[in-house]
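Here's the structure we're looking at; comments come further down.
The values are calculated or read from the model by the stated rules, or taken from the named source; none is laboratory data. It should be emphasised that the depicted structure is a prediction, and the values quoted were computed from it without experimental measurement. Using ideal geometry, Cβ is built from the backbone for each residue, glycine included, and neighbour counts are taken over all protein chains shown. Side chains are part of the model used for accessible areas, which takes the heavy atoms of the whole protein and leaves out ligands, DNA and RNA. Shrake-Rupley method; radii C 1.70, N 1.55, O 1.52, S 1.80 Å.
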Amino acid sequence: MRDRQVSRGTRRAREFEAFVAGAAGRLLHAATLLTAEAPDANPRARRLLAHALAHTYARWDRLHGEDPYDCARQYLATRFARATWHQYVHQYLHPYVAFGRARPDPRSPLAALTPQERLILVLRLYEGVAEEQTAALLGLPTERIHTMCDRATATLLHPARPTAPRTAGPKVAPS
């Protein structure tokens, strides 16, 4: 009996290691896009990935035919959404208290988007999740997902131009 448990634990560990070797890079890139951190300095994304992988490992034996990548991706998305919501609530309720809110890195391609827009864009365009699945995961109507994805895409394709400060030109004397 003990040998069987050890064998099963060893097999489970090998399977999970193979999963991590194949999926961790893509999941880390998705987490980096979500947090809008620089690819070379992404502690929040790495922490998000570690939580998602730990959650997936804890559920490994209960997946029964489910895709472990989907499980990890869903947990990554919901944990990011929940953390973003908590930051928003704390900022709204306590506007004068600094909670260490991380700002997007300006070098990130998605820095101009809100966290919710980043989440929807990463799920829809980077991960290829259908609108209906994204809507179900986030608890939003499908039309809202479609609208937000379109708006975020338009923001990325046509960024707002910074307004140049007006300089006073030479004064023309009235005639």
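Sorted largest first by accessible area at a 1.4 angstrom probe radius, with every protein chain in place, the residues TYR57, TYR69 fall in the order TYR57, TYR69. Around ALA112, with a cut-off of 13 angstrom between Cβ atoms, what is the net charge of the other residues, counting Lys and Arg +1 and Asp and Glu -1? Local net charge: +3. Between GLU143 and ARG2, the distance separating the two model label sites (each 7 Å from Cα on the Cα→Cβ line) works out to 6.4 nm.
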